[in-house]
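Data block below; observations after.
No value in this document is a laboratory result; all are computed from the given coordinates. The shown structure was predicted, so the numbers you read here are calculated from the model rather than taken from an experiment. As a convention, Cβ positions derive from the backbone with ideal geometry for all residues, glycine included, and neighbour counts pool all protein chains shown.
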Amino acid sequence: MKKQILIMACAALGFAACSGGDSSNTATTETPAETPAAPEENSGSEFVTVNGDTTSVHITGNDEMKFNLKSITVKEGQIIKLTMSNEGTQPIETMGHNFILLKPGTDIMDYANKAASAKAEDYIPAAEQGSVLAHTKLLGPGESDTIIFAAPAAGEYEYLCSFPGHVAVMRGILIVEK
């Protein structure tokens with residue numbers, strides 16, 4: 001039933017490629033038809049939509065320590081409205097999630113190791129703010145946070161969840177095109 005509703009909603013929005021079950025876990029803003037289909041368990045939450053110069057992205061994390069998007073493609077200078085949701089059920093103390101976009105040249109594992117010892121700062125170490133382009137707060141089950149930022153210069157930017165141990169599987173690439 002959820003899949004049928006998703007397909008009808010996608011058709012109404014003009015997302016012709018939305019058929020459920022694409023496991024590529026990528027999102028693009030080039031054309032709506034290239035937006036990947038939603039895995040059934042995510043109920044379409046990973047859609048990326050473009051409205052003028054603003055791109056809206058919904059990224060989720062879950063109890064399996066997975067982001068629904070392994071890559072996101074945007075255009076240089078676009079305003080990005082990113083909503084991060086924790087779709088898990090485990091408590092924040094054992095399975096909190098966040099989204100941190102790093103500056104180019106930042107060693108993702110070095111950042112994650114420093115973040116792991118920054119519990120008092122919700123695993124976003126203040127001493128490393130110079131390495132961060134944007135971030136959400138740490139989220140517990142059912143929580144969401146929305147951030148708005150401008151897409152940086154063309155290039156590839158790594159993102160991660162900085163909760164201890166999550167970087168091993170909760171990471172991805174923001175691809176910024178000219």
With +1 on each Lys and Arg Cβ and -1 on each Asp and Glu Cβ, and nothing else charged, work out how big the dipole of the range 41-177 is about its Cα centre, in Debye to the nearest 20. 140
Where both partners of a DSSP beta bridge lie in the range 41-177, what percent of those bridges are antiparallel, to the nearest 5? 65
Label point 7 Å beyond Cα of D53 along Cβ direction - residues of the range 69-110 with amide nitrogen under 13 Å: 76-80
Which percent of Cα-Cα pairs in the range 41-177 sits in each 10 Å bin, short to long? 13, 47, 34, 6, 0
Which ordering of F149, F67 is given by a fewest-first count of other beta-carbon atoms within 10 Å? F149, F67
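Need one number: convex hull volume per residue for the range 51-111, Cα atoms only, in Å³.
107
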